[in-house]
Amino acid sequence: MKASLPERLDVLILALTIGLWPDPSKAQDIAKSQGQAETRVVAPLSTALREALSFGSISVGAGNGGSASVSWDGTTRFLGVSQAHCSGRSDCSAHRAVFEVTGESERTYSVSLPRSVVARGERTGSALAVDSLEMRSLNTSARSGGRLDKAGKDLFFVGGSVNVPFGTATDIYRAELPVTVFYN
Amino acid sequence: MLFRQNTQSKLWVSLLAITLSLILSCPALAQRNSSKLTVVKNKELNFGTFMVFGSGSRRVSAAGAVVDQAVVDLEGSPASPGQFTVVYDRGNAAYRPVDVTVEIVISAPAQVRERGVDARISSLSTNLEDHGQVVFGQAITLQIRNCRSRRCTRSFNVGAQLNVSRHFGGNDVVIPIDVDARLVAVDAR
């Protein structure tokens with residue numbers, strides 16, 4: 001005798017079918033995601049001259065020329081010229097240039113200096129070449145830039161050399177030194 | 001004979017009951033028809049790092065092109081569009097090809113002030129066809145055509161313009177961008 005299906009099989013099949021039928025309540029048809037737009041806005045660099053580069057009061061000996069150098073670290077060197085004895089720190093004495101830089105903390109910056117500039121005598125208009133311009137930052141030892149500290153500040157120093165040929169007229173010589181400072 | 005027939009009937013009933021219990025107790029099978037729509041953020045919309053004197057703007061297109069106005073680009077993470085992916089999980093292993101239609105809405109606060117920096121985001125753009133330029137809050141229709149697998153995806157890029165006014169200092173600016181998606185239709189091909 002063959003086994004027959006139970007009479008309640010149709011009920012079971014129905015139950016099974018309902019169990020597997022798509023359940024609309026389980027469908028998730030909405031979704032949400034959050035992203036963001038982000039940027040870093042940096043304040044511009046600000047540079048201020050604290051002290052100008054000065055070679056002080058110098059004189060050349062009779063019959064020859066000479067040169068005066070001020071290093072970025074403040075050391076001075078005079079060849080063939082004599083330096084005036086100055087009382088205290090004044091325009092009479094030689095000193096490096098000092099610039100103060102402010103901007104975003106911990107950011108590096110570059111400094112661009114000309115290879116040389118020409119100083120002109122205020123009275124005579126005579127020219128003197130100022131060259132070997134170089135800089136160093138207080139916070140780094142890089143040769144062409146610096147790094148702002150946590151407070152967003154740094155100092156950098158500029159030195160150079162002036163060549164004084166034989167026969168240079170007595171005068172006060174001044175030059176404009178263009179310094180460009182920019183973020184990296 | 002009657003005794004044997006009753007025994008076999010009980011056996012059939014027991015087998016079916018056990019099968020039914022197994023099917024309903026198995027989570028994978030119990031939820032096999034639970035379709036699910038999700039949106040995944042792949043990449044933030046990044047306007048990069050720039051310096052601005054007073055006010056300026058940077059536009060990053062959905063393709064990644066950058067246009068600056070009165071800002072200076074600086075070292076840092078490069079500007080790039082954001083990217084999201086819409087994922088449709090049909091909830092079962094059927095491979096009947098379908099076209100999935102999803103409506104998405106992108107929204108963001110109009111203005112954010114972070115210390116001394118005001119930022120406004122505008123000129124929303126996407127790389128979806130017919131929706132190159134859109135506005136925040138606009139419904140955008142996105143289609144996943146010929147979906148033949150259980151999970152089908154569609155990614156899209158988001159670009160925008162950021163207008164910045166700097167009153168003092170500088171700052172990191174973060175503007176939240178919400179993407180809401182709604183399943184509109186699943187049509188058999």
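Readers should treat all values here as calculations from the given coordinates under stated rules, not as data from a laboratory. No experiment lies behind these values; they were computed from the predicted model shown.
Here are the numbers:
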| quantity | calculated |
| --- | --- |
| Separation between Cα centres of the stretch B:55-108 and the stretch B:164-189, rounded to whole Å | 9 Å |
| Whole-number percent relative contact order across the stretch A:81-184, with pairs defined as alpha carbons under 8 Å at least 6 apart | 35 percent |
